[in-house]
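Notes to accompany the following structure.
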Amino acid sequence: METHEVELGQTLRSKKLLALLLISVLLTYAVPFPFIAGFLEDYGKIKEIKKQMEEENEAIVCHTVYDTDPEFFGSQGMECSDENYRPNESTVSCCGMSVYRDTYQEYLRAREDLGKELPKFVLFVVWVFLSLLAFSYALVEGAVSITNGGEVSLKRSILSGFRALPALVASEFVMFVAIIAVLILLAVPMAILGPLGGILVVILTAPAFALVIPVYYFERKIGPVGEIWRIFKNNTGGYLVLGLLAGIVDLLVAFQYEYYFGIGTLLIMLAIGIPRYVLNSVGALVVYLDGVETLEREEKRGIEWEV
């Protein structure tokens, strides 16, 4: 291994690395955005319609109960909002609610439109996954070159990332299977912890997927479950910090798809994509190298004791 230390400030100030980061984010999110804008818009429309349906159901149920005995319920202080109540229009049952027929028809049209756009969004998700692996690998290669005093070649780094893609995908799959096996064993205690258990799962699993990239870069090993376990043991603090930060970013990633703001959604995706790439590449690289350095130091100390 050529380096055991990455100076974050120096690395992130490199113009070439920043250019590579910008290219990565733009190609991952900006280029395919026009193809998923329709899906995001339809998804946002369905959420608005469902909110309206809930309000209509609440108004319909309230008036239905109230009208059974207005005198009694009125004396008890019961009041029903008329904002979403249309007494002369027909209703239908949908999703466990009573809603007006025209709202239901609007919901069906929006759901049909969303179904037509779904294949494009699925392709986008696959593209983001593959891009995150390839460009994160390219950023790791660039960061190592900077640390060793070399020049960053944008073309060479990007091509290296895509050449390593099949091995990275295979490694991520092996890691996924290993993590699923562990989570099955820990299902009961995680369930007891409730929401805290879900947070712990994210903190413990997110770094494992990110560490696949630097491990493969240095060791060229597919499915490095044992190596990542050793990194966890030798750099637990760094591992957990990386997991916490990755968990926060993942929450923001989930939020960005909740509401559609037109071009504003793209800006949010780019803003979240930058720290996501930094954590998945340079962040994982720092955790990996610190863990390797600790392991080598302990092995050296063990040899000295034997001597």
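The values are calculated or read from the model by the stated rules, or taken from the named source; none is laboratory data. Predicted model, so just to flag it, every value in this text is computed and none were measured. Cβ: placed from backbone, ideal geometry, glycine included. Neighbour counts: every protein chain shown. Note: areas computed on protein heavy atoms with side chains; ligands, DNA, RNA excluded. Shrake-Rupley method; radii C 1.70, N 1.55, O 1.52, S 1.80 Å.
Out of curiosity, is ALA59 of a type outside the set (Phe, Trp, Tyr), touching a Phe, Trp or Tyr at 6+ places or on another chain (Cβ under 6 Å), more than 24 Å from LEU168 (Cβ to Cβ) and open to solvent by less than 70 Å² (accessible area, probe 1.4 Å)?
Working: of a type outside the set (Phe, Trp, Tyr): yes; touching a Phe, Trp or Tyr at 6+ places or on another chain (Cβ under 6 Å): yes; more than 24 Å from LEU168 (Cβ to Cβ): yes; open to solvent by less than 70 Å² (accessible area, probe 1.4 Å): yes.
Judged against the criteria, ALA59 is a match.
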Practice item. From THR91, THR64, THR28, THR11, grab the single residue that is at pLDDT below 85 and surrounded by 18 or more Cβ atoms within 10 Å (Cβ to Cβ). Key: THR11
Exercise for review: Given the conditions (1) farther than 29 Å from ASP250 by Cα; (2) modelled with pLDDT under 90; (3) surrounded by fewer than 16 Cβ atoms within 10 Å (Cβ to Cβ), report the number of the one that TYR85 does not fulfil.
Suggested key: (3)
Practice item. Check whether at least one residue in the range 266-275 is out of contact with any Ser or Thr (no Cβ under 6 Å at 6 or more places or on another chain), β-branched (Val, Ile, Thr) and modelled with pLDDT under 85, and report yes or no. Key: no
Check your understanding: Just to be sure, is TYR104 without any contact (Cβ under 8 Å) to a residue 60 or more places away in the chain, within 30 Å of TYR257 (Cβ to Cβ), crowded, with 18+ Cβ neighbours inside 10 Å and not charged (D, E, K, R)?
Key -> yes
**Study point:** Checklist (1) more than 25 Å from ALA110 (Cα to Cα); (2) open to solvent by 60 Å² or more (accessible area, probe 1.4 Å); (3) touching a helix residue (DSSP H, G or I) at 6+ places or on another chain (Cβ under 9 Å) applied to LYS50, failing item
**Key:** (1)
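Does TYR137 fit the bill of being within 27 Å of LEU40 (Cβ to Cβ) and among the aromatic types (Phe, Trp, Tyr)? Let's see the steps before the verdict.
Numbers: within 27 Å of LEU40 (Cβ to Cβ): no; among the aromatic types (Phe, Trp, Tyr): yes.
No.
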Review point. Before we move on, is ASP250 open to solvent by 50 Å² or more (accessible area, probe 1.4 Å), part of a helix (DSSP H, G or I) and touching a Gly at 6+ places or on another chain (Cβ under 6 Å)?
Key: no
Practice item. Restricting attention to helices (runs of 4 or more DSSP H) lying wholly within the range 124-243, give those where 2 or more residues are closer than 15 Å to LEU289 by Cα and open to solvent by less than 60 Å² (accessible area, probe 1.4 Å). Key: 195-219, 225-234
